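Below is one structure, written out as structure tokens; comments come after it.
The values are calculated or read from the model by the stated rules, or taken from the named source; none is laboratory data. Values in this document were obtained by computation on a predicted structure and should not be read as measured data. Cβ placement follows ideal geometry from the backbone for every residue including glycine, while neighbour counts extend to all protein chains displayed. Heavy atoms of the whole protein, side chains included, go into the accessibility calculation; ligands, DNA and RNA do not. Shrake-Rupley method; radii C 1.70, N 1.55, O 1.52, S 1.80 Å.
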Amino acid sequence: MAVAEAIFTGYAQDAEVTKYMIWRPHKDIEETRDFIRRCVLAWEEDSAYPWIITRKEDGRLIGMIESRIKVNSMDIGYVLARAHWGQGYTLEAARPIVNWGLEQEGIFRVWALCDVDNSASARVMEKIGMQREGIMRRWALHPNVSDEPRDVYCYSIIK
């Protein structure tokens, strides 16, 4: 199965998976192909670094994780197919990226946000060593939950 098809069928069209994302579920495979083109361009421009998450045992694509490096900091975001929730895959993917970020000379902070109602994502951030810094009020638009910006928790780990 090609990458676009695996992303589309695995999670990008799943309303439950995309509930707290900043994008709506993909309506068709072409939308997913456009997303992949943006991912490639981000790598080429050094603006973001998206990786696919695959299972070791069979190489099956089950999600993605991305890091974005800004002045003195790096933030991460992730998504995982529902069938693989709660099995440690996000932790396994996030830990080395967070650790790499903290090993970089100019990065002093790795951070992430999650909707205040997304307790599973909050647990992931805590398990990778991040601490909750606070709530950012009406910060992020999660269009699958509301048409207005929502409160999010800000988590970080610093060196």
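Structure data summary
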| item | result |
| --- | --- |
| D (Stokes-Einstein, µm²/s), Kirkwood Cα radius, the chain, 0.890 mPa s at 25 °C | 151 |
| Counted charge near SER156, where neighbours are those whose Cβ lies closer than 11 Å (Asp, Glu -1; Lys, Arg +1) | +1 |
| Surface per residue (accessible, 1.4 Å probe) for segment 7-70, Å² | 60 |
| Most fluctuating residue given options HIS26, HIS142, HIS84, as computed from a GNM of the chain linking Cα atoms under 10 Å | HIS84 |
| Potential extension, ARG24-TRP85 segment - 0.36 nm per residue separation minus Cα distance | 20.0 nm |
| Length-normalised contact order for the chain - Cα pairs under 8 Å, 6+ apart - percent | 21 |
| Portion, in percent, of the accessible area of segment 1-112 that falls on carbon or sulfur, probe 1.4 Å | 55 |
| Under 13 Å, Cβ to Cβ, from VAL110 - net charge with Lys/Arg +1 and Asp/Glu -1 | +1 |
| Total lysine pairs whose alpha carbons fall under 24 Å of each other in the chain (8 or more apart, or interchain) | 6 |
| Accessible area expressed per residue, segment 108-159, with surrounding protein chains retained (probe 1.4 Å, Å²) | 57 |
| Net charge over other residues, Cβ less than 11 angstrom from the Cβ of THR32 (K, R count +1; D, E count -1) | -1 |
